[in-house]
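Rule-based calculations on the coordinates, nothing more; no lab input. Bear in mind that the values here come from a model prediction, so they are computed numbers and not experimental data. Cβ placement follows ideal geometry from the backbone for every residue including glycine, while neighbour counts extend to all protein chains displayed.
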Amino acid sequence: MDNSVEATEQEWRDRLEPEQFEVLRCSATEPAFSGFYWDCHDDGMYRCSGCGAELFDSDTKFDSGTGWPSFSAPAVAEAVETHEDRSHGMVRVEATCKSCGGHLGHVFNDGPGPTGQRWCINSASLSLDSNR
Ligand SMILES: [Zn+2]
């Protein structure tokens, strides 16, 4: 992991909202249809809520019906890292922010776009910047 943004656990607790801390630093998953962005259709750049790195463009966002913000691809491929995640008795691909190591969500191969990918991302990991 190439974490250019580093902080201690206490610094992250001070910096983040509790639900952001749970998702970004503890790999929690917010309940479906509960987050701020799953039904958001605003235009802009979704940045990491932990460090501000540009992650996903609203142009790649689509309605997956899952209750989480879903994207067909990252805006900047190098900004997002993927890892095999064998937690909860499943084999999934976890997506993390390369800059701060924060947990974003998971990647699935049932997306509608040319990549076939569905990046299923927690709202708590994202901050929409409408002035990209
Ligand atoms: Zn980040």
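Other residues lying with their Cβ under 13 Å from the Cβ of Phe33 contribute a combined charge of -3, Lys and Arg counting +1, Asp and Glu -1.
By the helix-only formula, in which each DSSP H run with n ≥ 4 contributes -39500 (n - 2.57) and the sum is divided by residues, the chain has a 222 nm mean residue ellipticity of -3000 deg cm²/dmol. Each of Tyr37, Tyr46 was scored by other Cβ atoms within 10 Å of its Cβ. Arranged with the fewest first, they read Tyr37, Tyr46. For the chain, the relative contact order comes to 30 percent (Cα pairs under 8 Å, sequence separation of at least 6).
Counting beta carbons within 10 Å around each of Val93, Val80, Val23 and listing the fewest first gives the order Val93, Val80, Val23.
The share of alpha-carbon pairs in the chain lying farther apart than 26 Å comes to 14%. Dipole magnitude for the chain: about 200 debye, using +1 per Lys or Arg Cβ and -1 per Asp or Glu Cβ, origin at the Cα centre.
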